[in-house]
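The values are calculated or read from the model by the stated rules, or taken from the named source; none is laboratory data. It should be emphasised that the depicted structure is a prediction, and the values quoted were computed from it without experimental measurement. Cβ sites come from the backbone with ideal geometry, for glycine too, and all protein chains shown count toward neighbours. Protein only, heavy atoms only, side chains kept; ligands, DNA and RNA dropped before computing areas. Shrake-Rupley method; radii C 1.70, N 1.55, O 1.52, S 1.80 Å.
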Amino acid sequence: MRAIAGYLARVALVIAPPVLRVALAVPFFKSGLTKWAGFLSLSPAAEYLFEDEFKLHIFGQAYDFPAPAVFAYVDGIAEIVLPVLLVVGLATRFSALGLLVMTGVIQLVVPEGWANFHLPWAGLALAIIALGPGTLSLDHWLDRRWLKRGGARDVA
């Protein structure tokens, strides 16, 4: 039984990281696609949301976003770039951290979404940060390649 459990753990360590990365990336990427009207052209709906609809709920009060146009652009870019980086496994832990921070901000905007959305997203991000990118990632490939080159330089 221990051998079977060990085998399952080794297989899961290969499969789980990319599955976690895709699971976290999909909702953010889909949301990011709705923010753009063209290349680096924010959709009017995205601008409207950050200027008029989205409020930060802090200590029982609702506050406007400071610099809503800046937040809309940063959000729109992050919701495209960070999920792509996650899926390919590049800067994986930093990308997951960025999406964890975004999840925290989203929690302040939509406090009632914590159980159905924000808690699972935070759990996925924390799992990715804890487990790392896994062997099926560009981070792993680059790390192995760099270690080989570093080793070669030390010998030469």
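Numbers for the structure displayed
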read-out: Theoretical gain in end-to-end length, Ala45 to Phe59 [0.36 nm per residue, Cα-Cα removed]; value: 2.3 nm
read-out: Whole-Hz ³J(HN,Hα) from phi, Karplus 6.51 cos²θ - 1.76 cosθ + 1.60, for the stretch 119-132, glycine and proline x; value: 5, x, 4, 5, x, 4, 4, 5, 5, 5, 4, 6, 7, x
read-out: Under 5 Å, built H, 5+ apart or other chain: amide partners of Leu42; value: Ala37
read-out: Relative contact order computed over the stretch 1-81 (Cα-Cα under 8 Å; 6+ residues apart), in percent; value: 28 percent
read-out: Quarter of the Cα convex hull surface for the stretch 80-156, i.e. its orientation-mean projected area (nm²); value: 5.9 nm²
read-out: Entry for mean projected area of the Cα convex hull in nm² (calculated from the structure that is shown) out of (1) 25.9; (2) 9.3; (3) 13.5; value: (3)
read-out: Accessible surface of Tyr63 - all protein chains present, 1.4 Å probe, nearest 10 Å²; value: 110 Å²
read-out: Carbon plus sulfur fraction of accessible area for the chain, probe 1.4 Å, in percent; value: 72 percent
read-out: Mean separation of Cα contacts under 8 Å, 6 or more apart, over the residue count of the chain: relative contact order %; value: 27 percent
read-out: Residue-normalised accessible area of the chain, expressed per residue, 1.4 Å probe, Å²; value: 64 Å²
read-out: Label-point separation, Arg145 to Leu8 (7 Å along Cα→Cβ), nm; value: 3.6 nm
read-out: Karplus-derived HN-Hα couplings along the stretch 20-37 (A = 6.51, B = -1.76, C = 1.60, θ = phi - 60°), whole Hz, x at Gly and Pro; value: 4, 4, 5, 4, 6, 5, 4, x, 5, 5, 4, 5, x, 4, 6, 8, 10, 9
read-out: The stretch 78-86 - phi-based ³J(HN,Hα) in whole Hz, Karplus 6.51/-1.76/1.60, Gly and Pro as x; value: 4, 6, 9, 5, 4, x, 5, 4, 4
